[in-house]
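Notes for the one structure printed next.
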Amino acid sequence: MTNDAHAPTPAEETVESRGIEPVPDHERRGRVRELFPTWVAANISVLLLTMGASLVIANGLNFWQVLAVAAIASVVSYGMVGVLSISGKWGGAPGAMLSRAAFGVRGNYFPGMILWVARFGWETINAVSGAYAVLTVLKLLFGIESNNALIVITLLAFVAATYLLSGLGRKWLNICNKYATYVFSAFSLLVLAYLIAEMDWGKIFSQSPGSAALMVAGIGTIAAGGISWVPTGPDFARYLPHSAPGKRIVATTIGGAALVLVPMVVMGGVMAVSHPELANQNTDPMSFLGDTLPMWLAIPYLLTALLGMVMINSLSMYSAGFTAQTMGVKLPRALAVSINAAISLVGGLFMMLVAKDFVGQFITFLTLLAVSFSAWIGVYGIDMLRRRNKPVRYDGDSLLNISPSSRYWYKGGFCWQALTAWAVALLVGLALTKVSWFTGPLATTWLGEHGLGWACTIVVAAVIFAVLPAPRENEPAAPDPAREPAPVS
């Protein structure tokens, strides 16, 4: 007879069947240390080299400033990821689902839609990066030049691989994260050793410092990638037991991310001193590695980076499946992921075949991404703070209940205080933002010139939500027939 105590949980099955429904306490078998390779894998991207190079070329920063920017951006952005991940162990549900408690079961559709659309963009960027990595390897190994047919094939293969892995779920993501961390770390050390031996360090250290304004703006640009992971942090912490220490969650999250992000950004800055063209790879952000590194190192490094980009996109699509379910898509999580896969494929084809200016679009996207996610962060953070001392921080039945009997129905299904704070903050953030095709009316102010639109957005959202009358949750009622059914595997 099978012992049910040792039966596999939905997360441990070959294909994870659990969707947005909260994880029961008896299935909370996760460990905080599992978060470390997750956040390492979330940052294995050669784009960090390009971003580090742009800090030198476009912002005029020197080596020590680039190092400071990378370190501060890691702590700030992934500190927020870690802090808000704690809500995942409180409620045992994905961040998009827990957000219903803050905005209301209907009000959550508004910020949820913005986050979902932004997630499409992030996955498209990753898919294009992965396709360019494959094209670069083919050119270095076999001399095959890129063409439209090859672009379609490589992009389709990359999206298919990430869709397959994200569909399998948490068990396989954890396994792949661990080995991707080992392999990429080993090759990154080889690249670092090569740079130490070959770069002109006298020239690197003699670079004049850049302005404080551009340094602060650089922090925002690098931090934007981390900020994009904040709403999904709870997704990877929902299997942790209630006893998991919050401080360890935060420290592990920052440590895993910084282990990759800081050296990658700094390496990009170092490469830019000898290869200024690195920051101007507007069409193909990967081809510079073939010029900067010897072939024996460039090819394996690109292949490991490709593995990393598969992991990044898989993690993003994994969370996107929960967002889709929260937005009302009546599909199992593994199938809900297909929506994001299809959109990232179409968007990737547009970027590679039509738009061309990849890096310019990437920086514009990061800037808008940070603002759009920051409005949600400010409201969600205050909501978490208010729940800290409640005996029941999140009511799982009410999170799934989309009828007036839900604790989180508020008024008409909307928490007007949260939505007001979110909307006002979003408008303020956009007013402070300047990108290639949009300039807000406040973009020329001190805050706008320093690229602090995202920080102001968080503060405005948090302050408004904190000073408005605290929303009153409805008294919980008996289960309602209109309660949202759990996704079927």
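Treating each Cα of region 152-238 as one equal point scatterer and applying the Debye formula with no solvent, the log10 of I(q)/I(0) at q = 0.12 Å⁻¹ comes out as -0.74. Helix 358-387 and the long axis of the chain differ in direction by around 30°, with both axes built from C-alpha atoms. Descending by average beta-carbon neighbour count within 10 Å, the peptides 375-387, 124-136 line up as 124-136, 375-387, the highest first.
Please work out the average accessible area per residue across the chain, using the 1.4 Å probe convention, and give it in Å². It would help to have the intermediate numbers written out before the result.
Working: 18860 Å² over 489 residues.
That works out to 39 Å² per residue.
If R0 equals 30 Å, the separation of the Cβ atoms of A197 and L150 corresponds to a calculated FRET efficiency of about 0.30. Annotation: amide H of N401 within the under-5 Å range of E484, sequence separation 5 or more or interchain, hydrogens built in the peptide plane. All C-alpha to C-alpha distances of region 211-262, sorted into 10 Å bins beginning at zero, yield P(r) values of 19, 44, 26, 9, 2 percent in whole numbers.
Can you give the calculated 222 nm mean residue ellipticity of the chain, where each DSSP H run of n ≥ 4 adds -39,500 (n - 2.57) and the sum is split over every residue, rounded to the nearest 500 deg cm²/dmol?
Numbers: 19 runs with 320 residues, N = 489.
For the chain, the value works out to -22000 deg cm²/dmol.
Taking the Cα atoms of the chain, the ratio Rg/Rh between the radius of gyration and the Kirkwood radius comes to 0.97.
Scanning residues 5 or more positions from K411 or on other chains, those with amide H under 5 Å from its amide H are W416, with H placed 1.01 Å from N in the peptide plane. Here K390 is the anchor, and the lysines within straight C-alpha reach of less than 23 Å, apart from those fewer than 8 places off in the same chain, are K89, K247, K411.
Over the chain, with every protein chain in place, what whole percent of the accessible area is carbon and sulfur at 1.4 Å, could you tell me? Write out the running numbers ahead of the final one.
Working: 12790 of 18860 Å².
Carbon and sulfur together cover 68 percent of it.
Rounding to the nearest 10 and keeping the result within 0 to 90°, find how far the Cα-based axis of helix 246-274 lies from the longest principal axis of the chain. That helix lies at roughly 20 degrees to the long axis.
Which angle from 0 to 90°, rounded to the nearest 10, does the C-alpha axis of helix 47-57 make with the longest principal axis of the chain? Approximately 60 degrees, to the nearest 10. Each label point was placed 7 Å from the Cα along the Cα-to-Cβ direction; for D25 and T445 their separation is 4.8 nm.
Working from label points 7 Å from Cα in the Cα-to-Cβ sense, the V467 to F205 distance is 5.0 nm. Rounded to the nearest whole Hz, the Karplus-based 3J(HN,Hα) values (6.51 cos²θ - 1.76 cosθ + 1.60, θ = phi - 60°) of region 298-315 follow the sequence 5, 5, x, 5, 5, 5, 5, 5, 4, 4, x, 5, 4, 5, 4, 5, 5, 4, with x at glycine and proline.
The values are calculated or read from the model by the stated rules, or taken from the named source; none is laboratory data. Note that the coordinates shown come from a computational prediction; the quantities given were computed from them, not determined experimentally. All Cβ positions, even for glycine, are placed from backbone atoms using ideal geometry, and neighbour counts span all protein chains on display. Each accessible area value is taken on the protein alone, full model and side chains, heavy atoms only, with ligands, DNA and RNA left out. Shrake-Rupley method; radii C 1.70, N 1.55, O 1.52, S 1.80 Å.
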